[in-house]
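Please treat every number below as a calculation from the coordinates, not as lab data. Predicted model, so just to flag it, every value in this text is computed and none were measured. Don't worry about glycine lacking a Cβ; one is built from the backbone with ideal geometry, like all the others, and counts go over all protein chains shown.
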Amino acid sequence: MGARLHTWGMDLRTRIEAVMAAQPDFTVRNISLKAGLSDSWLHKLLKGDVRSPTLENVEKLAEALDVDPRWLAFGEGDPERFADIGRIVERFSEEQAEMARQMLQVIARTGTTG
C-alpha cells in the first residue's frame, strides 16, 4: 500500500474510502468485481445505507483492497496485509531479523517441516 494511512477514529466506510483514495485504480467497479460483490451494494455501503455488513463481505472487501480484514472491520492493527515474508521482515529490528535468520538456519539444517 505504500503510504501510511492515518485511520484513528475512522469507521469502516471511511477506512474503505481512504484506501480507495490512496490507490487511483481502486474504483467502486474494480473493487466490487474483485470482491465478488455488486456495485450497488458497495455504493450503498459507502453512502452509509448499509449499517451492518457481514464479516464475509468485509473479508471479501479486505481481499480486494489488499488490506488486513481485522483492520478494515474494526480499525485494529495495521492496514497492511502481510502477504509475504519480505514485508514482515522489513518491520523487524536488527535484533529480531538476526533471530529470525538463526531460526531459519536451524530449520534448514534439521529439515524440520513443521
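Miscellaneous remarks
- Approximating the spin labels as points 7 Å out from Cα along Cα→Cβ, the A97-to-T110 distance works out to 2.5 nm.
- Net length available on complete extension from R70 to M10 is 20.2 nm, with 0.36 nm assigned per residue and the Cα-Cα distance removed.
- Spin-label model, D49 to N30: label points 7 Å out along the Cα-to-beta-carbon direction sit 2.4 nm apart.
- The coefficient of translational diffusion for the range 1-81, derived via Stokes-Einstein from the alpha carbon Kirkwood radius under 25 °C and 0.890 mPa s, stands at 198 µm²/s.
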